[in-house]
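Have a look at the structure below before the remarks.
The values are calculated or read from the model by the stated rules, or taken from the named source; none is laboratory data. Computed from a predicted structure; not experimentally measured. All Cβ positions, even for glycine, are placed from backbone atoms using ideal geometry, and neighbour counts span all protein chains on display. For accessibility, only protein heavy atoms count, side chains too; no ligands or nucleic acids. Shrake-Rupley method; radii C 1.70, N 1.55, O 1.52, S 1.80 Å.
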Amino acid sequence: MNRGFPSNCGYGGRITKFTSSIQDNPGRPFFRCKTRGEDHLFKWVEEAMLEELEDALPKIEVHESDITKIKTEIEDLMEVTLNNKIEIQKNKVVIKCLVVYACIVSVVAFGAYVLY
């Protein structure tokens with residue numbers, strides 16, 4: 001028998017949802033093959049729902065694990081990004097200092113050239 005919500009009977013018949021009217025299970029929904037044969041499908045709706053959930057939980061756990069890994073990777077990348085921004089700021093300061101130094105050297109060199 002298939003797990004979860006049935007789509008058709010093992011014999012190919014269509015499945016319909018009914019509501020029990022017997023005294024032991026009044027109002028209890030169930031799936032049944034329209035042929036109502038002895039070997040044809042019969043399944044309580046809550047059993048089908050439980051099977052669906054049982055089959056879905058491992059998939060959800062895998063996705064949850066994947067999400068945790070991705071969150072960790074994002075945190076690592078954010079730290080790298082922050083470190084790169086700090087390094088860029090330091091490099092900007094160094095470049096400004098080098099430009100000022102180059103200007104001073106040029107002025108001194110030009111002054112020395114003019115004086116000689």
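A Cβ distance below 8 Å, combined with a sequence gap of six or more or placement on separate chains, defines the contacts here; from region 17-30, residues that are among the basic types (Lys, Arg) reach residues that are in a loop (DSSP other than H, G, I, E, B) in the pairs Arg28/Ser20. Return the residues of region 69-82 that are open to solvent by less than 80 Å² (accessible area, probe 1.4 Å) and not aliphatic (A, V, I, L, M); say none if nothing qualifies. Answer for region 69-82, where residues must be open to solvent by less than 80 Å² (accessible area, probe 1.4 Å) and not aliphatic (A, V, I, L, M): Thr72, Thr81. With respect to the conditions (1) out of contact with any strand residue (DSSP E or B) (no Cβ under 7 Å at 6 or more places or on another chain); (2) open to solvent by less than 70 Å² (accessible area, probe 1.4 Å); (3) of a type outside the set (Ser, Thr, Tyr), Lys90 lacks only one, and its number is (2). Every test in (1) at pLDDT 90 or above; (2) open to solvent by 70 Å² or more (accessible area, probe 1.4 Å) is passed by Pro29 save one, and that test is (2).
Does any residue of region 95-104 turn out to be surrounded by 10 or more Cβ atoms within 10 Å (Cβ to Cβ), within 43 Å of the chain's Cα centre (by Cα) and either under 20 Å from Gly4 (Cα atoms) or aliphatic (A, V, I, L, M) (or both)? Yes, region 95-104 contains a residue that is surrounded by 10 or more Cβ atoms within 10 Å (Cβ to Cβ), within 43 Å of the chain's Cα centre (by Cα) and either under 20 Å from Gly4 (Cα atoms) or aliphatic (A, V, I, L, M) (or both). Residues in region 43-60 include at least one that is β-branched (Val, Ile, Thr) and open to solvent by 80 Å² or more (accessible area, probe 1.4 Å).
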